[in-house]
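**Q** Before I ask anything, let me first share the structure, which is written out below as structure tokens.
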Amino acid sequence: MVPPANCFTVLVIDDMPANRVLLRKVLNGAGYAVLEATNGDDALALLEGRALLPDLIVTDIEMPGMDGITLVDRLRHLDSPSALIPVIAASGNSDELMRRNALAVGCDVFLTKPFDLSVLRREIGSLIKERRQSATARSDAPASGVALNRIELRLRETK
């Protein structure tokens, strides 16, 4: 599925189907296209070889298989544009150590579930805006053949 050109895409990673359904409805209602994965392994497989990357990731922390902290750690060490995707981590566990670990591996924001959906929408908008501004400021655009997100593709089209 390729979303409309003016639509940002969010990858939602959560092992609980009800959480994915809720986030899909909320994010679709806010105008985002949504991709889904059930754990970190599925998410990395989904990101591999994509011509268009999601603009942002919202991931649960505690999941079977690869958890959210391991996912973000692996993502940040990739030698690809996927490493730059902003990540919001979410967990029903409000443990301070988990929050610090999530931020230490490269999560941009940590939210404790249940979170206020308006806060989630605000954080998503803010991170996408920051990413767009940093992509605009970069003069070293990725080489052709490397996966790009919609922001980088639009920037190339306007040059």
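The values are calculated or read from the model by the stated rules, or taken from the named source; none is laboratory data. These numbers were taken from a predicted model, which means no experiment stands behind them. Note that each Cβ is placed from the backbone with ideal geometry, even for glycine, and that neighbours are counted across all protein chains shown.
**Q** Based on what the data block shows, is Leu35 part of a loop (DSSP other than H, G, I, E, B) and free of Cβ contacts under 8 Å to residues at least 40 places away in the same chain?
**A** No; evaluated as a whole, the condition is false for this residue.
**Q** I'm checking my understanding of the structure. Among residues of the range 38-76 that are assigned to a loop (DSSP other than H, G, I, E, B) and of a type in the set (Gly, Ala, Ser), which one is surrounded by the fewest Cβ atoms within 10 Å (Cβ to Cβ)?
**A** That would be Gly49.
**Q** Search the range 77-98 for residues being polar (S, T, N, Q) and touching a Ser or Thr at 6+ places or on another chain (Cβ under 9 Å), and hand back the single one that is surrounded by the most Cβ atoms within 10 Å (Cβ to Cβ).
**A** Ser91
**Q** Scan the range 77-97 for residues that are in a helix (DSSP H, G or I), touching an Asp or Glu at 6+ places or on another chain (Cβ under 9 Å) and either free of Cβ contacts under 8 Å to residues at least 40 places away in the same chain or of a type outside the set (S, T, N, Q) (or both) and report the count.
**A** Adding up the residues that qualify gives 1.
**Q** Can you give me the number of residues within the range 104-121 that are over 12 Å from the mean Cα position of the chain (by Cα), buried (at least 18 other Cβ atoms within 10 Å of the Cβ) and assigned to a loop (DSSP other than H, G, I, E, B)?
**A** The total comes to 0.
**Q** Then there's this: Exactly one condition in (1) over 22 Å from Leu23 (Cα atoms); (2) surrounded by fewer than 17 Cβ atoms within 10 Å (Cβ to Cβ); (3) not hydroxyl-bearing (Ser, Thr, Tyr) is not met by Asn101; state its number.
**A** The number of the failed condition is (2).
**Q** Are any of the residues in the range 66-81 of a type in the set (S, T, N, Q) and over 25 Å from Ser134 (Cβ atoms)?
**A** The answer is yes, given that some residue of the range 66-81 is of a type in the set (S, T, N, Q) and over 25 Å from Ser134 (Cβ atoms).
**Q** Examine the range 1-20 for a residue that is surrounded by 15 or more Cβ atoms within 10 Å (Cβ to Cβ), at pLDDT below 90, within 28 Å of Gln133 (Cβ to Cβ) and of a type outside the set (A, V, I, L, M, F, W, C), and state whether such a residue exists.
**A** Within the range 1-20, one or more residues are surrounded by 15 or more Cβ atoms within 10 Å (Cβ to Cβ), at pLDDT below 90, within 28 Å of Gln133 (Cβ to Cβ) and of a type outside the set (A, V, I, L, M, F, W, C).
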